[in-house]
Each structure stands twice: as structure tokens, then as C-alpha cells.
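Please treat every number below as a calculation from the coordinates, not as lab data. Quick caveat, the model's predicted, so the values are computed rather than measured. We place every Cβ from the backbone using ideal geometry, glycine too, and count neighbours over all the protein chains shown.
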């Protein structure tokens with residue numbers, strides 16, 4: 001097909017064996033994002049827990065579990081899968097630092113015309129965190 | 001599990017067969033002369049080209065002088081459309097008018113858009129029904145006094161629907177009879193037979209076409225050779241300038257070995273047509289029956305008016321490229337019209353024209369068969385298909401979001 005570029009081996013590995021697929025019942029944070037360009041849809045579920053920080057004096061929220069559901073192309077599946085492996089166990093500050101570029105890089109790069117799929121994954125993560133924070137305020 | 005790889009993407013391209021390769025081999029380093037040279041080397045090459053041209057002319061029911069070898073169907077299509085319009089635009093009253101369909105190959109659509117941009121032609125793009133068929137009534141209505149070219153493909157490459165080329169040819173013939181008595185210029189008719197050649201009647205008089213394009217690599221010739229048939233007296237200005245090759249209509253030293261290969265392949269098509277139609281039709285029927293046993297799967301095109309080698313499905317809840325990758329991982333090559341598989345990230349224009357919304361064409365999957373496929377291979381594909389779609393469907397969020 002036009003301008004088709006090859007997927008990295010890592011992308012193909014995640015398409016074949018995606019990590020953390022599924023749903024978390026009663027999630028603490030959840031977000032569904034869609035890609036208007038090609039119609040991919042991704043939903044990300046977060047389970048949040050509290051833990052003591054290294055200084056042992058403060059408590060912080062961290063992502064205890066994460067799962068995804070995605071309907072979309074190879075890049076959409078691979079970026080979804082990859083971001084779940086990247087955020088598990090991270091606090092919000094570190095999770096917030098995960099950009100779409102970082103997801104793409106972790107996958108060994110994405111074809112240029114597929115970069116928007118990585119935006120989807122990063123967006124889903126930020127929105128799911130926000131969803132949790134809004135619930136806390138209530 | 002089968003260890004062998006299964007190729008089901010013959011509508012995209014095909015392997016070169018032994019017989020074709022054997023016929024070509026001689027013209028790489030033995031009889032490598034330039035056909036324009038009068039010496040023995042050149043004459044051997046010239047003789048080989050002529051022989052190939054004659055074989056192809058016989059197959060199409062044409063004269064050898066009506067065949068121009070090109071680099072493929074895309075070039076032939078460019079030459080047919082641009083060459084014709086350039087030749088007649090000054091002789092016309094008003095802007096030349098072209099009628100084509102919304103499901104043509106990009107080579108036709110982009111060429112027509114180019115001519116519109118140059119302001120050399122006005123173009124009408126005919127709609128199709130849900131099966132992908134154009135309606136003769138729509139075509140009739142679109143014809144104007146300025147209409148000079150009608151261009152409709154024989155078999156659509158994405159869904160395999162067979163367009164009523166012979167019917168259109170007869171209609172144009174009728175219109176042209178009255179045009180000629182009134183001293184008006186005729187309507188020329190182009191069709192691309194790339195996907196039809198191996199299975200359907202491609203005789204130019206049977207079809208009633210003036211221009212016909214095809215590409216070799218869909219029927220076991222290497223990529224990079226094709227041809228344009230142009231009926232005698234069809235006005236044409238060459239689009240590639242240079243030497244006087246190909247009746248001065250396509251400059252550039254002839255691609256001798258590939259032209260020989262094309263001739264050989266057409267000879268093989270002729271020999272094996274009946275047998276191969278029967279075999280491939282049977283395999284397709286089996287495949288369609290097996291795949292349709294799965295829920296949420298629909299066959300595109302029409303069961304009676306479809307080419308025997310293409311079966312395209314819409315699968316709900318699974319995306320085409322993802323299916324393609326999982327098939328590939330299992331050693332099976334298929335294709336998809338999903339937006340994600342196109343570099344431009346647009347859903348297939350063919351499926352869109354057939355009224356399929358983008359969220360559905362997202363799940364399109366094309367199987368296209370060829371002479372190497374076996375019944376066992378189809379069994380295996382039918383066996384693993386549910387595995388693949390279930391894996392993707394389980395991965396997908398609740399589909400209710402589509403129904404909002």
C-alpha cells in the first residue's frame with residue numbers, strides 16, 4: 001500500500017502477544033479515546049493504590065494495575081500494550097512523563113504515518129489519570 | 001499446522017512461474033541486442049518482441065499494430081486517458097467530457113483528476129450500488145455531446161465485482177453510429193482488464209472497447225511490464241517522448257525479456273483458462289462458505305457477478321490491518337482495505353462508494369486466489385480464521401460505542 005513502512009519486530013511481538021489486555025472491574029480511572037483519523041478506539045483502565053514514598057513520610061498514589069481494550073490496527077494495539085507495561089507501578093508524576101514519543105521509541109520506532117496511534121495511547125493514559133483525580137474530588 | 005506459507009494475495013501480485021522465467025532467460029545475456037538495431041543481435045530481439053506482440057494480439061482479437069508495451073497498467077492508463085484527451089482537445093467544441101466510476105483504480109481516478117486540474121477535461125464519476133456495480137441507466141444519463149471517453153474497469157481489484165463492459169460497449173456502439181452519421185466525433189471506450197484477464201473473455205470486439213490496459217505481474221510475469229491496446233484510428237498523443245519505439249507511441253528501448261515473458265504468460269493463460277477458472281471458482285466457493293460460518297462477517301460484491309479469484313469480507317469488531325498482521329504471523333498473506341493499511345489513512349474509496357461507512361470498512365479483509373492454491377490451504381485458513389477474529393474481538397472494547 002501507499003507509503004507503507006515496515007513495523008519493527010517489537011511492534012509485531014506486541015501485536016501477537018499483547019500485554020495487559022482486558023477490563024478491570026470497578027476501575028479507579030478509565031478513559032476511552034478514539035482516533036478520528038482512522039477510527040481506532042482504545043479504552044484504558046487503572047487500578048490505583050497508595051504507598052509510602054521512599055522517604056517513608058508521605059503517601060502517594062501509584063498505578064497498581066492497568067488493562068486496555070483496543071479496536072484498531074497493529075500500531076494501535078502495540079502502543080496500547082506497550083504503554084500498559086510502561087506505567088505499571090509508576091506514580092502519577094512519572095506516568096505523566098510518558099509521551100507518545102516515548103511509547104514509539106520503546107517499540108523501536110513506528111512508521112511515520114502510524115505515529116498518531118501512539119498519541120492515542122498517551123492520551124488515554126492522561127485521561128484515565130484525570131478521570132481518577134476527578135472522582136477523588138467528588 | 002502447515003509449515004508451508006499460504007499466499008492469498010494474488011490480486012496484489014503473483015510469483016513468476018517457471019515457464020515464464022525460462023522463456024525470458026534467453027534475452028538477458030544471450031540475445032540482448034537492441035531491437036532498433038539492424039544487426040543480427042538487434043533482429044533477434046526484434047523478432048522476439050514481434051512474436052510476443054502477435055501472441056497477445058491473437059489473444060485479445062486485435063492486430064499487432066494495436067498493442068503498445070508499457071511498464072504496466074498504470075502507464076497504459078495514463079497514456080490512454082491523457083493521450084486521447086491531448087489528441088482531441090483542439091478538435092472538440094467545448095471541453096472534452098470523461099465518464100468513469102467511483103470504484104476505478106487510483107491510476108484512472110488520479111489521471112482523471114489531473115486532467116480536470118489542467119482544465120483539459122470535465123469528469124463525471126458514476127456511483128455504484130451496494131455490490132459495486134454501475135448502472136447502465138446512470139451511464140446513459142451522464143452522456144453529453146462533449147463526452148469523448150468512457151472508462152470503466154472490467155473487474156474491481158478490491159471486491160472482484162464484474163462490471164457490464166460488453167453492455168456498455170454495445171451502448172456506445174449504438175450512440176457512435178448516430179454520431180458518425182451526424183459527423184460528430186465518437187465516444188472512445190477504455191477498460192482495464194488486469195484482474196479479468198485470466199478468467200473472463202477479454203476479446204476487444206466482444207467487449208466493444210477501443211482502449212484496453214493490463215499489467216503482467218498479476219498473472220505470473222515480473223513486475224514492470226504491461227500494455228495498452230488501442231483500436232486503429234483511436235487518436236493518441238504519446239506521453240513519453242524520445243525515440244520512435246512502439247509505433248512512436250511510447251519512447252524508450254523495449255524491455256525485451258519482460259515483453260517475451262508477457263507473451264509467454266498470455267499463452268499459458270489461454271491454454272489453462274477453463275481449468276484454472278474451474279479450480280479457483282471451487283476454492284473460492286469453499287472459502288466463502290467456510291468464512292461465512294463465523295458471526296458478524298459479510299461477503300462483499302455479488303455472488304453471481306464476481307470474479308472467481310477475489311473474496312472480500314467485512315468483519316465486525318476486528319480491524320483489517322490487525323487481522324492481516326495476525327494472518328501474516330501464521331504464514332498467510334491477505335490484504336485489507338482498512339484505512340490503517342493505506343499510507344494516506346483513508347478508508348478504501350471502493351468500499352466507501354459501495355456505501356460502507358468507515359467504521360465498517362475498517363474491518364475489510366480480502367482473500368485473492370491463484371493457481372498455486374490448494375483445497376488444503378483453504379481448509380487451514382477456514383480453521384484458523386475464528387482464532388484470529390476472536391483474539392481481536394476479545395481485545396476490543398465493548399462495541400456499543402459504535403451504536404451511540
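With R₀ fixed at 60 Å, the C-beta to C-beta distance from residue B:170 to residue A:130 puts the FRET efficiency at about 0.40.
For the peptides B:309-316, B:176-183, the ranking by packing is B:309-316, B:176-183, with the highest mean count of neighbouring Cβ atoms within 10 Å listed first.
Partner shielding of A:64-72 amounts to 4, given as the average count of beta-carbon atoms from other chains within 10 Å of each residue beta-carbon.
Between the helical axis of B:73-88 and the longest alpha-carbon principal axis of chain B there is an angle of about 40 degrees.
Averaged over peptide B:315-325, the number of partner chain Cβ atoms lying within 10 Å of each residue's Cβ comes to 5. For chain A, a/c is not less than 1.5, where a ≥ b ≥ c are the root eigenvalues of the C-alpha gyration tensor, and a/b tops b/c. That puts it in the prolate class. Take the Cα of residue B:114, step 7 Å toward its Cβ, do the same at residue B:233, and the gap between the two points is 2.9 nm. Per-residue packing, averaged as other Cβ atoms within 10 Å, sorts the ranges B:326-337, A:76-87, A:95-106 into the order A:76-87, B:326-337, A:95-106, beginning with the highest. Could you tell me which of rounded, prolate or oblate describes chain B, using a ≥ b ≥ c as the square roots of the eigenvalues of the alpha-carbon gyration tensor, with rounded for a/c under 1.5 and, failing that, prolate when a/b is larger than b/c and oblate otherwise? Oblate is the answer for chain B, as a/c is 1.5 or above yet b/c matches or exceeds a/b.
Here each label is just a point 7 Å from Cα along the line to Cβ, and for residue B:5 and residue B:247 those points are 4.0 nm apart. The spacing between the stretch A:66-138 and the stretch B:163-211, judged by their C-alpha centroids, is 55 Å. DSSP finds beta bridges in the protein assembly as shown, and of those with both partners inside it, around 65 percent are antiparallel.
Counting only alpha carbon atoms, the long axis of helix B:106-117 and the longest principal axis of chain B meet at about 60°. Shape verdict for the protein assembly as shown, please, from the Cα gyration tensor: rounded (a/c under 1.5), prolate (a/b greater than b/c) or oblate. Since a/c reaches 1.5 and a/b is larger than b/c, the shape of the protein assembly as shown is classed as prolate. Considering only B:158, B:372, B:137, the mean-square fluctuation computed in a Gaussian network model of chain B, springs between alpha carbons under 10 angstrom, is largest for B:137. Among the residues of B:331-339, the average count of other protein chain beta-carbon atoms within 10 Å of the residue beta-carbon is 2. Take every pair of alpha-carbon atoms less than 8 Å apart whose residues are at least six positions apart; their mean separation over the length of chain B yields a relative contact order of 22 percent.
Quick check: the distance between the Cα centres of the stretch B:1-55 and the stretch B:59-74, to the nearest angstrom? Taking the Cα centre of each part, the stretch B:1-55 and the stretch B:59-74 sit 16 Å apart. Ranked by the mean number of other Cβ atoms within 10 Å per residue, highest first, peptides B:266-273, B:207-214, A:51-58, B:378-385 order as B:207-214, B:378-385, B:266-273, A:51-58.
Relative to the longest principal axis of the Cα atoms of chain A, helix A:115-137 runs at roughly 20 degrees.
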